[in-house]
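The values are calculated or read from the model by the stated rules, or taken from the named source; none is laboratory data. All figures in this text were calculated on a predicted structure; none of them were measured in a lab. Every residue, glycine among them, receives a Cβ derived from its backbone with ideal geometry; neighbour counts consider all protein chains shown.
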Amino acid sequence: MSTETDIIDLLAGIEAGSPLDGIRGKRVQARENAQVSYLTLFEPADFGDVSALERYAVAAFVAGVHGEPHVTAFYFNKLGDIARPEFVAALKTEIGRGKTTGPYGAFPAGPLSVENKPGLIYRVAPDHQRILGTKLAAALEHAHLLVFRPRDAAPADMQALLDASWTATGIVTLSQLVAFLSFQVRSVSGLRTLAASIEHQPSPAR
């Protein structure tokens with residue numbers, strides 16, 4: 001069943017007629033484009049090379065390592081309908097293992113090298129790799145790379161996905177998922193912060 005409610009409104013707790021609804025209503029095209037992106041990635045007519053389970057798992061992981069609880073809970077709820085409990089438990093543990101701050105990584109040798117910053121090189125635990133599967137484990141590691149170490153991305157990382165049975169089309173979809181989730185997390189977090197700010201503003205004097 002397709003999601004008729006705007007997904008960002010739902011995750012940010014925006015009600016029709018509220019001040020935030022009015023603010024978002026001023027950017028109709030951006031609002032519609034975000035909704036179309038969600039439906040295309042998570043409710044397509046044909047999931048193709050990336051299953052619903054893989055999409056929701058990557059989404060929950062990306063939202064989780066970003067530390068956005070509402071988005072994370074939404075995708076875990078979706079996963080709960082199709083994934084085994086041990087799968088969900090393993091993924092939650094991997095989110096905890098993957099949480100860090102960024103971006104970090106190394107620039108090519110040159111003037112920007114002074115901005116090199118070391119950080120976590122995330123790998124799925126072997127026991128969880130058996131539960132999640134080699135293909136999804138590779139996707140989570142690649143998603144973590146794109147979120148926290150984008151400057152370190154190299155051809156070898158693409159080959160790791162291919163070696164884990166990702167197709168070229170599937171890799172494109174995976175990249176789109178990570179990009180959309182990063183946008184969705186920032187949008188929801190920002191809107192919830194704005195909502196809290198509006199709520200605590202003093203009422204105008206009469």
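Screening the candidates Val71, Val124 for the property of being among the hydrophobic types (A, V, I, L, M, F, W, C) and under 28 Å from Leu10 (Cα atoms) yields one hit, Val71. Scanning region 101-128 for residues that are in a loop (DSSP other than H, G, I, E, B) and modelled with pLDDT of 95 or more yields Tyr122, Arg123, Val124, Ala125.
One line per residue, one yes/no per condition, for (1) under 19 Å from Thr193 (Cα atoms); (2) in a helix (DSSP H, G or I):
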| position | (1), (2) |
| --- | --- |
| Ile8 | yes, yes |
| Ala16 | yes, no |
| Asp21 | yes, yes |
| Gly48 | no, no |
| Ala59 | no, yes |
| Val62 | no, yes |
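Okay, residues lined up against (1) at pLDDT 95 or above; (2) out of contact with any Pro (no Cβ under 7 Å at 6 or more places or on another chain); (3) surrounded by fewer than 19 Cβ atoms within 10 Å (Cβ to Cβ):
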residue: Asp21; (1), (2), (3): no, yes, yes
residue: Gln35; (1), (2), (3): yes, yes, yes
residue: Glu54; (1), (2), (3): yes, yes, no
residue: Val71; (1), (2), (3): yes, yes, no
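Scanning region 151-171 for residues that are surrounded by fewer than 13 Cβ atoms within 10 Å (Cβ to Cβ) and either in contact with an Asp or Glu (Cβ under 8 Å, 6 or more places away or on another chain) or on the phi < 0 side of the Ramachandran plot (or both) gives Ala154, Pro155, Ala156, Gln159, Asp163, Ala168, Thr169.
Do we have Ser187 as in contact (Cβ under 8 Å) with a residue 24 or more places away in the chain and either touching an Asp or Glu at 6+ places or on another chain (Cβ under 9 Å) or part of a helix (DSSP H, G or I) (or both) here? Spelling it out, Ser187 is indeed in contact (Cβ under 8 Å) with a residue 24 or more places away in the chain and either touching an Asp or Glu at 6+ places or on another chain (Cβ under 9 Å) or part of a helix (DSSP H, G or I) (or both). As an exercise: evaluate Thr169 against (1) assigned to a helix (DSSP H, G or I); (2) at pLDDT below 95; (3) out of contact with any Leu (no Cβ under 6 Å at 6 or more places or on another chain) and give the number of the one condition it does not meet. Checking Thr169 against (1) assigned to a helix (DSSP H, G or I); (2) at pLDDT below 95; (3) out of contact with any Leu (no Cβ under 6 Å at 6 or more places or on another chain), the one that fails is (2). Within region 152-178, the set of residues being over 19 Å from Gln129 (Cα atoms), more than 21 Å from the chain's Cα centre (by Cα) and not hydrophobic (A, V, I, L, M, F, W, C) comprises Pro155 only.
Residues are listed down the side, and each one gets a yes or a no for (1) of a type in the set (Gly, Ala, Ser); (2) in contact (Cβ under 8 Å) with a residue 40 or more places away in the chain:
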{"position": "Gly17", "(1), (2)": "yes, no"}
{"position": "Gly22", "(1), (2)": "yes, no"}
{"position": "Gly25", "(1), (2)": "yes, no"}
{"position": "Asp46", "(1), (2)": "no, no"}
{"position": "Asp49", "(1), (2)": "no, yes"}
{"position": "Arg55", "(1), (2)": "no, yes"}
{"position": "Pro69", "(1), (2)": "no, no"}
